[in-house]
Amino acid sequence: MADLAKMVGGGLIGAGVLFGIISAFGDSFSPTSLIPAFFGIAFLAIGLVAAAKPDLNKHLMHAGALVALIGILGSFMPILAGGAVKILSGLVLLAACAFFLVKAIQSFKAARVGS
């Protein structure tokens, strides 16, 4: 799960930066287009710490699931704000966070059955 957190984090950072650049070349720069990057930083940090401290993996992955849930709820802000870049930014955040949350729940279920 630590590797998944790092991959999702890196992807969201890249997407957020890309959406920020695109919005800067549009009518006006929109900070909401950077929201995926902020969530990506959180996922990347969780993944890096989990890889460095395996004994904290369980707690960190629960924190990652919480970040994903907050990301899912927060993704509706840019979607409802309107504008193509904002909507796309929100949809990417929604998809990435939902994917991570589903994988985290599957991992939690597998760990419970395995113990």
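The values are calculated or read from the model by the stated rules, or taken from the named source; none is laboratory data. For clarity, every value in this text was computed on a predicted model and none was experimentally measured. Note that we place each Cβ from the backbone using ideal geometry, even for glycine, and neighbour counts take in every protein chain shown.
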How many residues of region 82-102 are over 13 Å from the mean Cα position of the chain (by Cα) and in a helix (DSSP H, G or I)? The answer is 5
If you take the residues in region 33-47 that are over 11 Å from residue 64 (Cβ atoms) and β-branched (Val, Ile, Thr), which one is surrounded by the most Cβ atoms within 10 Å (Cβ to Cβ)? 35
Give the residues of region 66-83 that are over 18 Å from residue 37 (Cβ atoms), of a type in the set (A, V, I, L, M) and at pLDDT below 95, sorted by residue number. 80
Test result for residue 79, β-branched (Val, Ile, Thr), in contact with a Lys or Arg (Cβ under 9 Å, 6 or more places away or on another chain), in contact (Cβ under 8 Å) with a residue 12 or more places away in the chain and in a helix (DSSP H, G or I): yes
Show the residue pairs that are 6+ apart or on different chains and have beta-carbon atoms under 9 Å apart, the first residue being within region 45-61 and touching a residue at least 12 places away in the same chain (Cβ under 8 Å), the second being of a type in the set (S, T, N, Q). 50/57; 51/57; 61/107
Of (1) over 13 Å from residue 40 (Cα atoms); (2) surrounded by 13 or more Cβ atoms within 10 Å (Cβ to Cβ); (3) at pLDDT below 95; (4) within 18 Å of the chain's Cα centre (by Cα), residue 63 satisfies every one except (3)
